[in-house]
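In what follows, a structure is listed as structure tokens, so that the remarks can point back to it.
The values are calculated or read from the model by the stated rules, or taken from the named source; none is laboratory data. Since the structure is predicted, the reported quantities are computational estimates derived from the model, not experimental observations. Backbone-built Cβ (ideal geometry, glycine too); neighbour counts: all protein chains shown. Remember, those area values only see protein heavy atoms, side chains included, never the ligands or the DNA or RNA. Shrake-Rupley method; radii C 1.70, N 1.55, O 1.52, S 1.80 Å.
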Amino acid sequence: MKTSLLAIAALGVLAQPVLAQTGLPADADLRQAALEWFEPIPDTPQAPPNNVLTPERVELGAMLFFDPRMSVSGLFSCQTCHNVGLGGVDGLTTSIGHGWQQGPRNSPTMLNSVFNVAQFWDGRAPDLAAQAKGPLQAGVEMNNTPENLIGTLNSMPGYVDAFKAAFPDEATPVSFDNFARAIESFEATLITPDSAFDRYLKGDDAAMSDQEKRGLAAFMDTGCTTCHSGRNVGGQDYYPFGVVERPGGSILPEGDRGRFTVTQTADDEYVFRAAPLRNVALTAPYFHSGAVWDLHEAVSIMSSSQLGTELAEPQVDEIVAFLGTLTGKQPQIVHPVLPVRQADTPQPQPMLVR
């Protein structure tokens, strides 16, 4: 059973006295309660299941991630919608892809995504490798095919050599599966450790201000941790959007039935994977619809829709302050030099919608 800080304070069983001037429990008790719900981002990347993080594979994955020639038009790369310098998002309500089409959902961050239980808002991809295959083939995104992709890669000696180095024991290194595994390896390195919250969890009392600590306590005691917990402060399970009260149509479009499209189970209508909240202060706009640009407003909507609670403005401010402590050290990525196209490399195609 998880510890309630308010209950502890009411019973007077804190190891140290409650700070009367701030309404805060002592740091040792606040930290103990937080560690029942959360864990720090590791300082070094960890390999996903069934994959490795060799320098060669990560380097190849970075090349593929940044190369717009992976799209049939030669304009869109993974970086287009998951900009490493923008917190892993594109900063749009919903992403723009092939033929300048607007996608149906807001682009989630790929930073720390290796810690999610599954990928996409509806969890239809079990891992990052499976996720990498989706946008490449989606008509509204990169509009490519595996066959054209493999022809493009095989036409450039630089890529052929890079695949051989990354997959040295395979008879056919250049494959769609290996394309996806290489991108997964690179994305697994895109973690953001050493946030103020992580430092606090590790014992640094001064890493967070009193306002931020009050926000952490409120985040736990109001029930936000029901959906947003674990290493990624979310991303671990699926929940209805509107447990208590369904938000308006601009925030929850009626046509997007969430995980139901994956499972075809009635109970999964309007159910989505809980958003991971690491770096959330950087990733506006919010929700799968991308309809809300202000984090304060997003917290207020979630408190009423998910918890049935109307938080006072100061408490919303405190929770927003806590969420700001989830911004970690951002990846510093040098844009790779990409292989040179050859005479037989497929040329970019007009952006006709198929």
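Leaving out ligands and nucleic acids, note down the accessible area per residue over the chain with a 1.4 angstrom probe, in whole Å².
44
Can you bin the stretch 262-354 into rounded, prolate or oblate? Criterion: square roots of the alpha carbon gyration tensor eigenvalues sorted a ≥ b ≥ c, rounded for a/c under 1.5, prolate for a/b above b/c, oblate for the rest.
Since a/c reaches 1.5 but b/c is at least a/b, the shape of the stretch 262-354 is classed as oblate.
Compare SER175, SER71, SER195 in a GNM of the chain, Cα atoms joined below 10 Å, and give the one with the largest fluctuation.
Among SER175, SER71, SER195, the largest mean-square fluctuation in the Gaussian network model of the chain belongs to SER175.
At 1.4 Å probe size, with no ligands or nucleic acids counted, give the accessible surface of TRP37 in Å², nearest ten.
Ignoring ligands and nucleic acids, TRP37 comes out at about 60 Å².
With an 8 Å cut-off on Cα pairs and a minimum separation of 6 or more residues, tell me the relative contact order of the chain in percent.
The value is 23 percent.
Could you give the alpha-carbon Rg of the stretch 55-189 over 2.2 N^0.38 Å, rounded to two decimals?
Scaled against compact globular proteins, the figure is 1.00.
Please report, as a whole percent, how much of the solvent-accessible surface of the stretch 70-156 comes from carbon and sulfur atoms (probe radius 1.4 Å).
Of the solvent-accessible surface of the stretch 70-156, carbon and sulfur hold 58 percent.
If R₀ is 25 angstrom, what is the calculated FRET efficiency for the pair GLN332 and LYS202, using the beta carbon separation as r and rounding to 0.05?
It comes to 0.70.
Once both axes come from the Cα atoms, what is the angle between helix 55-66 and the longest principal axis of the chain, in degrees from 0 to 90, rounded to 10?
Taking Cα atoms only, the helix is inclined about 90 degrees.
Per 0.36 nm of contour for each residue apart, how much would the distance between THR309 and ASP43 grow if the chain were fully extended, relative to their Cα-Cα spacing?
92.2 nm
How high is the relative contact order of the stretch 55-189, in percent, with contacts defined as C-alpha pairs under 8 Å that are six or more residues apart?
This gives 31 percent for the stretch 55-189.
Decide, for the chain, between rounded, prolate and oblate: order the square roots of the alpha carbon gyration tensor eigenvalues as a ≥ b ≥ c, take rounded if a/c falls under 1.5, and otherwise choose prolate if a/b is larger than b/c, else oblate.
Cα axes put the chain in the prolate bin.
Hey, if we sort ARG214, ARG124, ARG105, ARG278 by accessible area with the 1.4 Å probe, largest down, what's the order?
ARG124, ARG214, ARG105, ARG278
Solvent-accessible area of LEU86, probe 1.4 Å, all protein chains present, reported in Å² to the nearest ten, please.
Surface open to solvent at LEU86 totals about 80 Å².
So, in the chain, how many Lys pairs have Cα atoms under 21 Å apart, if the pair is 8 or more places apart or on different chains?
Pairs that pass both the separation and distance tests number 6.
Compute the label zone of ASP344 within the stretch 129-148: residues whose backbone N is under 20 Å from the point 7 Å along Cα-to-Cβ.
Correct set: 145-148.
Using modelled amide H (1.01 Å from N, peptide plane; none on Pro or chain starts), what sits under 5 Å from the amide H of ASN83, excluding residues fewer than 5 places away?
Here the answer is GLY88, VAL89, ASP90, since their amide H atoms fall under 5 Å of that of ASN83.
Can you tell me the order of 73-83, 301-311 when each peptide is scored by its average per-residue count of other Cβ atoms within 10 angstrom, highest first?
73-83, 301-311
Enter the accessible area of LYS164 (Å², nearest 10), with the probe set to 1.4 Å and all protein chains included.
Looks like 110 Å² after rounding.
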